[in-house]
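S.K.: Can you keep this structure in mind? I'll have questions shortly.
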């Protein structure tokens, strides 16, 4: 049915967010000219239908009065932004055509008229807001900063203590563990990785040959995701990454092996893009965003080289939460080869060593 232009309807062309565009196209049952982007003969949706998904999204934003005690008279909180600006910067909601026509403010206002803000404030398109996920009094990031505020971190929490905390309702470890499934991925049997170990052996005629044993260091010294004596097998997506991680000098040799999974494993994936969170349908959006901030921070810490044992206090603790929650490992980005990722496995007996060879580090640009 063709209808006259009406501000109570909008079309998919008004928005840039893929999910929102599909939602409007799938739900719209009227055709006409959109009042906001001026697209002709397009399928349109009553703006009232956007209330529920926008209610979910708007739960991430609170008025700056939430931190009123930190605001100087006549100014705004240093982290606050107008709502329209915040939505566009955080999620790229609106299409360039709507922004260019200067109708985006009226479109957002129409949506807000049907939305109910979870904190009871009636937000306007120009309300100055803060992100709830970074401003709440209790967040995973704040709690972890509290845990690891000392340097060096001398009072390390044992795995058994972490396991008990994971099972105890209300602890930060318990809350983090409960939400880790959002970031879990299944790595299937046969998935191939690479392991490298500095050095090699010599055969009877003095030719370099790879070490016979290319499994984990049997002593399991403390590292990124394990404390002393905890089982950990460190792998990489590619040979170049595995070699970069052991930091060879020109002329050094290394033993390299293909390593494949002999069974399915479930790992916590810190290398995934957290920008793919859908703000319109993700339950507990602010908590998930807070958790993603935390895991991004952990990914950055676990990727970089360590110069003293305390450097990995945070990542060892996070790894223990993942172990206690039953995950088989953690996948994380490589700081030394930004194109690839690394994998640490906590579960023994789930890999098979395949082809092995000796690699020699060459001079840069040679």
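The values are calculated or read from the model by the stated rules, or taken from the named source; none is laboratory data. No experiment lies behind these values; they were computed from the predicted model shown. Using ideal geometry, Cβ is built from the backbone for each residue, glycine included, and neighbour counts are taken over all protein chains shown.
S.K.: What number goes with the only condition from (1) under 27 Å from residue 269 (Cα atoms); (2) at pLDDT 85 or above; (3) out of contact with any strand residue (DSSP E or B) (no Cβ under 8 Å at 6 or more places or on another chain) that residue 175 does not pass?
M.R.: The one condition residue 175 does not meet is (2).
S.K.: Quick test of your reading of the structure: residue 215 fulfils all but one of (1) out of contact with any strand residue (DSSP E or B) (no Cβ under 6 Å at 6 or more places or on another chain); (2) closer than 30 Å to residue 60 by Cβ; (3) touching a residue at least 24 places away in the same chain (Cβ under 8 Å). Name the failing condition by number.
M.R.: The number of the failed condition is (2).
S.K.: Any residue in region 229-243 that is on the phi > 0 side of the Ramachandran plot, at pLDDT 90 or above and assigned to a loop (DSSP other than H, G, I, E, B)?
M.R.: yes
S.K.: Only one residue in 235, 289 is surrounded by 14 or more Cβ atoms within 10 Å (Cβ to Cβ), within 13 Å of the chain's Cα centre (by Cα) and touching a residue at least 40 places away in the same chain (Cβ under 8 Å). Which one?
M.R.: After applying the criteria, what remains is 289.
S.K.: Check 164, 146 and return the single one that is assigned to a helix (DSSP H, G or I), at pLDDT below 85, out of contact with any strand residue (DSSP E or B) (no Cβ under 9 Å at 6 or more places or on another chain) and surrounded by fewer than 18 Cβ atoms within 10 Å (Cβ to Cβ).
M.R.: Of the residues listed, the single one that is assigned to a helix (DSSP H, G or I), at pLDDT below 85, out of contact with any strand residue (DSSP E or B) (no Cβ under 9 Å at 6 or more places or on another chain) and surrounded by fewer than 18 Cβ atoms within 10 Å (Cβ to Cβ) is 146.
S.K.: Inside region 12-34, can you point out the residues that are in contact (Cβ under 8 Å) with a residue 60 or more places away in the chain and crowded, with 21+ Cβ neighbours inside 10 Å?
M.R.: 14, 15, 20
S.K.: Are any residues in region 306-330 under 25 Å from residue 239 (Cα atoms), touching a strand residue (DSSP E or B) at 6+ places or on another chain (Cβ under 9 Å) and surrounded by fewer than 19 Cβ atoms within 10 Å (Cβ to Cβ), and if so, which ones?
M.R.: Result: 306, single match.
S.K.: I'd like to verify a number: residues in region 60-105 that are in a loop (DSSP other than H, G, I, E, B) and surrounded by fewer than 18 Cβ atoms within 10 Å (Cβ to Cβ), how many?
M.R.: Result for region 60-105: 11.
S.K.: How many residues, within region 305-322, are within 16 Å of residue 342 (Cβ to Cβ), at pLDDT 80 or above and either touching a helix residue (DSSP H, G or I) at 6+ places or on another chain (Cβ under 6 Å) or not in a helix (DSSP H, G or I) (or both)?
M.R.: Number of matching residues: 2.
S.K.: Just need a number here: residues in region 331-349 that are surrounded by 17 or more Cβ atoms within 10 Å (Cβ to Cβ) and either touching a helix residue (DSSP H, G or I) at 6+ places or on another chain (Cβ under 6 Å) or without any contact (Cβ under 8 Å) to a residue 24 or more places away in the chain (or both).
M.R.: So the answer is 7.
S.K.: Pick from region 261-282 the residues that are farther than 30 Å from residue 131 by Cα and loosely packed, with under 15 Cβ neighbours inside 10 Å: which of them is nearest to the chain's Cα centre (by Cα)?
M.R.: Looking at the filtered set, the residue picked out is 264.
S.K.: Same structure, new question: Quick check on this structure: which one of 284, 320 is assigned by TED's automatic domain parsing to the domain that holds residue 193 and at positive phi?
M.R.: Just one listed residue meets the conditions, 284.
S.K.: Further, regarding this structure: Condition first: modelled with pLDDT under 90, part of a strand (DSSP E or B) and assigned by TED's automatic domain parsing to the domain that holds residue 313. Can you find one or more residues in region 213-225 that meet it?
M.R.: Among the residues of region 213-225, at least one is modelled with pLDDT under 90, part of a strand (DSSP E or B) and assigned by TED's automatic domain parsing to the domain that holds residue 313, which makes the answer yes.
S.K.: Filter region 245-275 down to residues that are under 24 Å from residue 328 (Cα atoms) and out of contact with any strand residue (DSSP E or B) (no Cβ under 8 Å at 6 or more places or on another chain), then give me how many there are.
M.R.: 3
S.K.: Kindly indicate whether any position in region 182-189 is assigned by TED's automatic domain parsing to the domain that holds residue 312, within 16 Å of residue 267 (Cβ to Cβ), at pLDDT below 90 and under 24 Å from the mean Cα position of the chain (by Cα).
M.R.: yes
Residues are listed down the side, and each one gets a yes or a no for (1) over 16 Å from residue 11 (Cα atoms); (2) at pLDDT 90 or above:
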| residue | (1), (2) |
| --- | --- |
| 92 | yes, yes |
| 109 | no, yes |
| 115 | yes, no |
| 121 | yes, no |
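S.K.: Name the one entry in 206, 190, 251 that is free of Cβ contacts under 8 Å to residues at least 12 places away in the same chain, part of a loop (DSSP other than H, G, I, E, B) and more than 22 Å from residue 302 (Cβ to Cβ).
M.R.: One residue alone meets the criteria, 206.
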